[in-house]
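Data block below; observations after.
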Amino acid sequence: MDDADAVPVAELLDERRHLLEVTYWMLGDSREAENVVGESYRRWYGLSDAERGRITAPRHWLTKTAGGICLGLLARPRRGVTGRPDRPAEHSTAPPDSGGAQAGLAEEVSRVLLNALDSLSPAERAAFVLNDVFGMASRTVADIVGRPEPECTELADRARRSLRMQRSRSTPPDEQDLLARTVRQACVDEDAELLESLLCPDATAFFDGGGKVRALSRPVHGSRQVAHSLLTLLARHPRTALTTHSVNGRTGLVVRYDCQVAAVISLDIAEHRVAQAWVVLNPDKLRSWNQPPAIPDSGSHGGPSSQGDDSL
């Protein structure tokens, strides 16, 4: 090993764990993820010493290389109900263990969400995973996906819309409305037990701060963890209000702080419970929510889009 490869063992293990997580989320298969990571390292050591010496951020290079390999695999013709390539039944679909460091990830990753990702194009899936799951900067996502930044942003947005439609299309509007109201009340009452009961066991919450506000950079998995993260975000404060409101055509939640919209939460429902919560905190994406309302025509009536303006 030369000086360029002499790094602390903790950094090496963290780097490998990161690569395994990225490739597993992109491919949804542990063996394929292991193979991609192995191939990425083979390509790294296939470089000359001079070439490796010119790479100032090896982890970024390895992530870009692994992402490119995953995109190639995802672009291949796929068969079967889930859309993934056929593979022997004995292959584990749990994420790789990496010496025990990944032991809990299998319980955290939503199998339903991984299956839903199969409906996306390779570029959409990559942009969504790298942006929403791993919170990578848009420039880094663009570098890995090989598309301009604006195009990657659109790919991620399109992926989010597609995933939301998949989850919400089978839920009647009145059921969506009732569940959203009940979730809101549980948050207002800070009732962790009730809120957890309203979530699927494998529920996932995504927090989009856009690098403009401090927010969780990774999704939260599991009903208890999601409930805790939402209650932490919505901690009782006299200047904070939570209302139900139409979000993407379905009843969701809007958080206001001093009458300013600070967060918008859309809820995807499966089997009568919340399967995914999408929490938008990015001020840029909330700009339209904070535009001054248009003055209504004389005699017009306000719609039912906003209800229950109780303070937390």
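Remarks
- Given (1) aliphatic (A, V, I, L, M); (2) under 14 Å from residue 278 (Cα atoms); (3) in a helix (DSSP H, G or I), number of the condition residue 253 does not satisfy: (3)
- Residue list for segment 129-152, restricted to those being crowded, with 16+ Cβ neighbours inside 10 Å and modelled with pLDDT under 85: 131, 132, 133, 134, 135, 136, 138
- Against the numbered list (1) crowded, with 17+ Cβ neighbours inside 10 Å; (2) without any contact (Cβ under 8 Å) to a residue 12 or more places away in the chain, residue 163 comes up short only at (2).
- Positions within segment 253-274 being surrounded by fewer than 21 Cβ atoms within 10 Å (Cβ to Cβ), closer than 21 Å to residue 161 by Cβ and modelled with pLDDT under 90, in sequence order: 270
- Only listed residue being free of Cβ contacts under 8 Å to residues at least 40 places away in the same chain, assigned to a strand (DSSP E or B) and out of contact with any Asp or Glu (no Cβ under 7 Å at 6 or more places or on another chain), chosen from 150, 201: 201
- Restricting attention to segment 38-68, the residues being under 22 Å from the mean Cα position of the chain (by Cα) and touching a residue at least 40 places away in the same chain (Cβ under 8 Å) number 8.
The values are calculated or read from the model by the stated rules, or taken from the named source; none is laboratory data. Because the structure is a prediction, the values reported are computed rather than measured. So basically every Cβ, Gly included, is an ideal-geometry build from the backbone, and we count neighbours across all protein chains shown.
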